[in-house]
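These notes are about the structure you will find just below.
The values are calculated or read from the model by the stated rules, or taken from the named source; none is laboratory data. These figures come from a predicted structure and were not determined experimentally. Cβ placement follows ideal geometry from the backbone for every residue including glycine, while neighbour counts extend to all protein chains displayed.
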Amino acid sequence: MTQDIWGVGPVNARKLGALGCESAADVRDLDPRAVRKAMTVVGERLLRQLRGEACLDLEEVAATRKGCAVNRSFSDRVEDHATMEQAVAANATRLGEKLRREGFGTDHVTVFFRTSEHDRTRLQRSVSTVVTLPESSNDTLVLVKAALHGVRKTWRDGFCYSKAGVVTTDLLPLHASQRAIPGLGQLDRERGPR
């Protein structure tokens, strides 16, 4: 039956039936102009796909984003833990906004901060750490909690930091079924990073 073909619903199945089609092979053998007239360009594309023709132009294939980063250079050097936590929390918040806007999530974040490589009069330090999330997320609270965990895990006093950021790679598309269920999100937030 033509309605068993992926992308053919009951309405188009009736249209294909009126053209004498009972199987995918019947659709494949139709005149493309007849299919286009009955089912518009969508029907013609289906026919061409059944014939094994590529139907997407290169421009139609969206480049999948591989990663996302939010970082900040400080005008005044950061020497205290609380100021660094504020900066990294702001970066994680912005990262969450970017991920949600583009429909992605992540199952880990990398937190980094460093001193200025150009200021050789002070002690040098560059550090980064990966924090794994309990599940893929783009929730601001989850990302901020993980980023702050990264700061606490790697912070050392005695340095004048000039830059900090939050980075993620291997972005995962989040579908509606993967987003938090109302009422269960709080459980995830209380569990925190591992």
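Kindly indicate the residue of the stretch 5-21 that is over 17 Å from Arg48 (Cα atoms) and not in a helix (DSSP H, G or I) and also modelled with the lowest pLDDT among those meeting that condition.
Gly9
Enumerate the pairs (first residue in the stretch 144-167 and closer than 14 Å to Arg77 by Cβ; second residue anywhere and of a type in the set (Asp, Glu) and outside any strand (DSSP E or B)) with beta-carbon separation below 8 Å, excluding pairs fewer than 6 apart on the same chain, so at least 6 apart or on different chains.
Listed by first residue and then by second, the contacts come to Asp157/Glu79; Phe159/Glu79; Cys160/Glu79; Cys160/Asp119; Tyr161/Glu79; Ser162/Asp119.
Identify the single condition in (1) surrounded by 15 or more Cβ atoms within 10 Å (Cβ to Cβ); (2) more than 24 Å from the chain's Cα centre (by Cα) that Ala92 does not satisfy, given that it satisfies every other one.
With (1) surrounded by 15 or more Cβ atoms within 10 Å (Cβ to Cβ); (2) more than 24 Å from the chain's Cα centre (by Cα) applied to Ala92, the lone miss is (2).
From Thr106, Thr93, Thr121, which residue is at pLDDT 95 or above and of a type in the set (S, T, N, Q)?
Thr93
Mind listing whichever residues of the stretch 77-128 are in a loop (DSSP other than H, G, I, E, B) and in contact with a Leu (Cβ under 9 Å, 6 or more places away or on another chain)?
Answer for the stretch 77-128, where residues must be in a loop (DSSP other than H, G, I, E, B) and in contact with a Leu (Cβ under 9 Å, 6 or more places away or on another chain): just Gly103.
Within the stretch 127-162, which residues are among the basic types (Lys, Arg) and either surrounded by 18 or more Cβ atoms within 10 Å (Cβ to Cβ) or outside the structural domain of Thr83 (by TED's automatic domain parsing) (or both)?
Residue satisfying the conditions is Lys145 alone.
Can you work out which of the residues in the stretch 54-80 that are surrounded by 10 or more Cβ atoms within 10 Å (Cβ to Cβ) and at pLDDT below 85 is nearest to Asn138 (Cα to Cα)?
Here the residue is Arg65.
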